[in-house]
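Encoded as structure tokens, the structure appears first; notes follow it.
Since every read-out is calculated from the coordinates, none of them should be taken as a lab result. Being a predicted model, the structure only gives us computed values, none of them experimental. Neighbour counts are summed over all protein chains in view; Cβ atoms, including those assigned to glycine, are modelled from backbone coordinates with ideal geometry.
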Amino acid sequence: MTKAISLALIVGGVVLLYFGGQAFHSFSSEVSRVFTGSPTNKAIMLIVGGVIATLAGLIGLATSGGKR
């Protein structure tokens, strides 16, 4: 992976985490937690996607420093 792709994954992951946090604390997520005990699927998917994208970007940066 190139450094540019890795940086884009990190930035995209942070953005997804931000929107996931906003969705997690939204009114609809609060209502869902009252009735089901868990937040909405949208909030969960945004947070999981953000974590995966950020980790992939960090791994890409860590491994792209090798020989070229």
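Scanning region 31-43 for residues that are assigned to a helix (DSSP H, G or I) and closer than 16 Å to Tyr18 by Cβ, we see that the one that is farthest from the chain's Cα centre (by Cα) is Lys42. Cβ-Cβ under 9 Å, sequence separation 6+ or interchain: first residue in region 23-39 and among the aromatic types (Phe, Trp, Tyr), partner surrounded by 11 or more Cβ atoms within 10 Å (Cβ to Cβ). Which pairs? Note: pairs meeting the criteria are Phe24/Pro39; Phe24/Thr40; Phe24/Ala43; Phe24/Ile44; Phe24/Leu46; Phe24/Ile47.
Taking the listed residues Ser6, Ser28, the one that is outside any loop (DSSP other than H, G, I, E, B) and loosely packed, with under 13 Cβ neighbours inside 10 Å is Ser28, with no other qualifying.
Residues checked against (1) touching a Leu at 6+ places or on another chain (Cβ under 8 Å); (2) aromatic (Phe, Trp, Tyr):
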residue: Ser6; (1), (2): yes, no
residue: Gly20; (1), (2): yes, no
residue: Ser26; (1), (2): no, no
residue: Ser29; (1), (2): no, no
residue: Phe35; (1), (2): no, yes
residue: Met45; (1), (2): no, no
residue: Gly50; (1), (2): yes, no
residue: Ala56; (1), (2): yes, no
residue: Ala62; (1), (2): no, no
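Can you tell me which residues in region 16-30 are under 12 Å from Met45 (Cα atoms) and over 9 Å from the mean Cα position of the chain (by Cα)? Gly21, Ala23, Phe24 - these are the residues of region 16-30 that are under 12 Å from Met45 (Cα atoms) and over 9 Å from the mean Cα position of the chain (by Cα).
Quick one: is Leu46 touching a Phe, Trp or Tyr at 6+ places or on another chain (Cβ under 6 Å), of a type outside the set (Gly, Ala, Ser) and in a helix (DSSP H, G or I)? So Leu46 passes the test.
Does Ile52 qualify as being outside any loop (DSSP other than H, G, I, E, B) and loosely packed, with under 14 Cβ neighbours inside 10 Å? Answer is yes for this residue.
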